[in-house]
Structures are given as structure tokens and as C-alpha cells.
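Taking it in order: structure first as C-alpha cells, then the write-up.
Read-outs throughout are calculated quantities, based only on the coordinates presented, and are distinct from any laboratory measurement. Computed from a predicted model, the values in this text were never measured in an experiment. Cβ atoms come from the backbone with ideal geometry, glycine included; neighbour counts cover every protein chain shown.
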Amino acid sequence: MSAEDVPDRFDPWPPGVPPQVPVPGYPNTWTYTPSQPLIRRVPTRTEATGPIRLDRKLLCGEANLAERTPGRFAIGQLIHLSGRILDEDGRPVGGAVVELWQANAAGRYANPIDQRAAPLDPDFLGHGRVRTDEDGRYAFLTIKPGAYPVPVQDTWWRPPHLHFSVLGPSSLSRLVTQMYFRGDPLNALDRILNSIPDEAARERLIARDLPPAEVGDRWLGFTHDIVLRGRRATPHTP
């Protein structure tokens, strides 16, 4: 989809899809959640069609998070994740910038803010950025992240998850969200996932497992489509 194809209107999210924030027991949502209602204004073509070719400024090409040095793989279960970026009408969004970041297999981020007593993996990159092709497809090779406790007094554990930032053909089509793995027992206890009231919307945050016969024996395969706007949109997460 090119900038000229961007529609003049976007369907609103139905009730139950936006997360209920601030999330109790997760102080960061108090920091990032506006304390006042947002000021609504009619979007112009500037917001609906620009900026163009973000990949020229946000360099892409980091699709392999699990092999910083050729032949030296990160510790953990290798996974291959692929999917499509779509608009609200199901059309592919080509040229979208897809960023991914995550914890390592021990549940620790390669970030100075994360000072938990868990090992870092020098062979794990921890973040990547790619550009979708004309069919809206993206792909990453990484490892399944570990769970980790939230450092609050009434502690709780975050299940394995991946963070996404997707920049489509306009500033209004940016989505920051997370992806989860089906069947993990911590999903039912995760306060961020369950801050989204609608069950069907929460389901859109869970990746689909691919059969081993389709993927091969080198890694597990998952697919996860992301819809930027509209009634079938992938929910954003705090």
C-alpha cells in the first residue's frame, strides 16, 4: 500500500479493545499514561500520509537476533517468527518499519535499566528492525524469551513475550504492542495482557504455532499478523 492509498478516515476501536490503564501493580503505566483526556483534532493529509520512507532514517536489516557472530547462537530455544502488517481493510502495508525487542532466555533485557540478578547473553542481540516487503511480510530469527518478575512489592511475573513497534505509511499508523505465546500458564496472570477487557482482542496478541513439518528441525516456527487500525486492529499495550 502506498501513501496515495491511505484512506481519509479510520474506523474507531470498539469498546474493550484499548487497555484499561494505568495497570494496577505496574508503576510504569502511571508514567506513560496521560493524566488528562487527549485533545481530539481532525487529521490532515500530513498526518495521514507522512512521513514517507522512514526506513531511510531508521536503518533496517537486523532480522537475526540469535546469531551476533556467525556460528555462535544465543542460549535458548531458537524460534522463527514471521507475519504480515495489514491495514484495517486487510491490505498489506509494504515498506512498514517493524522493530522488535525482548528479554533473553533468562528473562533479562540487554539494557542498563534491567539490573536483575539474571545472566546476560553476549551472543544475543535483543533487538532488531526490518522493513516489510510489498506483501507486508516481515520475519525475525530469535530465541523464545524467558519470564521475569515485575519489581514491585506485590510482585507478579511477566510471561514470555516480544515487544513490537510498527511504523506504517503515516504517523497515525504507529502501533506499539506485545506478542505472547499460546498455552503459557503465566498469560492468565499477566496484568498487561489482561488490561485489555475484550477476550477476542487479547487473542489477537497471541502468536500462532506452525507445525514442525512445515518449519523443519532447526527452530520452532510462529506466525503473527499485525493489523494497524480498525475494528480488527491488534491492540496496543502499555
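Starting from the Cα-Cα distance between Ala200 and Arg182, subtract it from 0.36 nm times their residue separation and give me the gain in nm to one decimal. Display every interim value, and only then the final one.
Working: separation 18, 0.36 × 18 = 6.48 nm, distance 1.38 nm.
Roughly 5.1 nm would be gained on extension.
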Quiz item: Under a point spin-label approximation (7 Å from Cα along Cα-to-Cβ), what is the Asn111-Leu38 distance to one decimal in nm?
Solution: 2.2
Quiz item: Going toward the positive end of the dipole of the chain, with +1 on Lys and Arg Cβ and -1 on Asp and Glu Cβ, which of Pro212, His163, Ile113 do you reach last?
Solution: Ile113
Quiz prompt | For the chain, alpha-carbon Rg and Dmax in angstrom | solution = 18.1, 52
Exercise. Compare the peptides 63-69, 103-109 by average per-residue count of other Cβ atoms within 10 angstrom and give them in order, highest first.
Key: 103-109, 63-69
Quiz item: Going 7 Å from the Cα of Glu67 toward and past its Cβ, which residues in region 221-237 have a backbone nitrogen under 20 Å from where you end up?
Solution: 221-223
Quiz item: With each label point set 7 Å from Cα along the Cα-Cβ vector, what nm distance links Asp217 and Ala118?
Solution: 3.1
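Assuming R0 = 30 Å, can you tell me the calculated FRET efficiency for the pair Trp13 and Leu189, based on Cβ-Cβ distance, to the nearest 0.05? If you can, show how the numbers build up before the last one.
On the way: r = 25 Å, r/R0 = 0.83.
The formula returns an efficiency of 0.75 here.
Hey, what number do you get for the chain at 222 nm if only DSSP H runs of n ≥ 4 count, each worth -39500 (n - 2.57), divided across all residues, to the nearest 500?
Values: 4 runs with 19 residues, N = 238.
Mean residue ellipticity at 222 nm (helix-derived): -1500 deg cm²/dmol.
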Quiz prompt | Choice from Pro19, Pro160, Pro37 with maximal GNM fluctuation in the chain (Cα, 10 Å cutoff) | solution = Pro37
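Run the dipole for the chain about the Cα centre, Lys and Arg Cβ at +1, Asp and Glu Cβ at -1, nothing else charged, and hand back the magnitude in debye, nearest 20. Could you put the intermediate results ahead of the total?
Details: 28 positive and 28 negative charges, 99 e Å.
Roughly 480 debye, rounded to the nearest 20.
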